[in-house]
Amino acid sequence: MKSICTPKEALQKLEHFCAYQERCHDEVVSKLYSLKMTSDEIDLIVVQLIEGDFLNETRFACSFARGKHRMKYWGKIKITNELKARHISSTNITLALKEISNEEYFETFENLSERGWNSIHEQNALKKRKKFCDYMLRRGYESDLVYEKVKELEQN
């Protein structure tokens, strides 16, 4: 099997790929496999990308956590699971979650839960409660937060 490009060309392509947006090691390795590079070439290119500071797992994890929370309103559980799926170390996951302040996290949770609760047009109180809890849990928020919030919302 012949590579699509030389290791040098692949390195240039991957430098652009990583400069455009933060990437994790998995994405870079997949991209290199798609360019038909050998395992040895991939290892070499990944090392060069790390040394050139194009690839930084900690920076990726922090950027990912901030972005998913601020743009998609994900909770910490979903962010953690997504980072684990990308084989990010638990140390980097912990650092990434520290990027989201408690004030910001709870403010987002409050806004999302109010919006979510008001958007569910269900007459049956139990069904509405279930839909709300499922929605917030899917978004990755902690179950104790969600159940406390649903009790509070039902009172109003």
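Values in this text are rule-based calculations from the coordinates and carry no lab data. Since the structure is predicted, the reported quantities are computational estimates derived from the model, not experimental observations. A quick note on method: Cβ atoms are made from the backbone with ideal geometry, for glycine too, and the neighbour counts reach across all protein chains shown.
The HN-Hα couplings worked out from phi for the range 5-18 by the Karplus form 6.51 cos²θ - 1.76 cosθ + 1.60 (θ = phi - 60°) are 9, 6, x, 5, 5, 4, 4, 4, 4, 6, 5, 5, 4, 7 Hz, whole numbers, x standing for Gly and Pro.
Count charges around K98 for me, please; just the other residues with Cβ under 11 Å from its Cβ, Lys/Arg as +1, Asp/Glu as -1. Its environment carries a net charge of +1.
Identify which of V29, V47, V146 has the largest mean-square fluctuation in a Gaussian network model of the chain, with springs joining Cα atoms closer than 10 Å. Among V29, V47, V146, the largest GNM mean-square fluctuation belongs to V47. Going by a ≥ b ≥ c, the root eigenvalues of the Cα gyration tensor, does the chain fall in the rounded group (a/c under 1.5), the prolate group (a/b larger than b/c) or the oblate group? Cα axes put the chain in the prolate bin.
Pairing the Cα long axis of helix 25-34 with the longest principal axis of the chain, what angle in degrees results, from 0 to 90 and rounded to the nearest 10? Helix 25-34 sits roughly 50 degrees off the main axis of the chain.
Across the chain, the mean sequence separation of Cα contacts (distance under 8 Å, 6 or more residues apart), normalised by length, yields a relative contact order of 21 percent. Could you tell me whether the range 102-155 comes out rounded, prolate or oblate from its Cα gyration tensor? Rule is a ≥ b ≥ c as square roots of the eigenvalues, rounded for a/c under 1.5, then prolate if a/b exceeds b/c, otherwise oblate. Prolate is the answer for the range 102-155, as a/c is 1.5 or above and a/b outweighs b/c.
Across the range 21-72, the mean sequence separation of Cα contacts (distance under 8 Å, 6 or more residues apart), normalised by length, yields a relative contact order of 51 percent. For the range 7-55, the Cβ-based charge dipole about the Cα centre amounts to some 220 debye (Lys, Arg positive; Asp, Glu negative; other atoms uncharged). Net charge of the neighbourhood of S34, taken over other residues with C-beta under 11 Å away and scored Lys/Arg +1, Asp/Glu -1, is +2.
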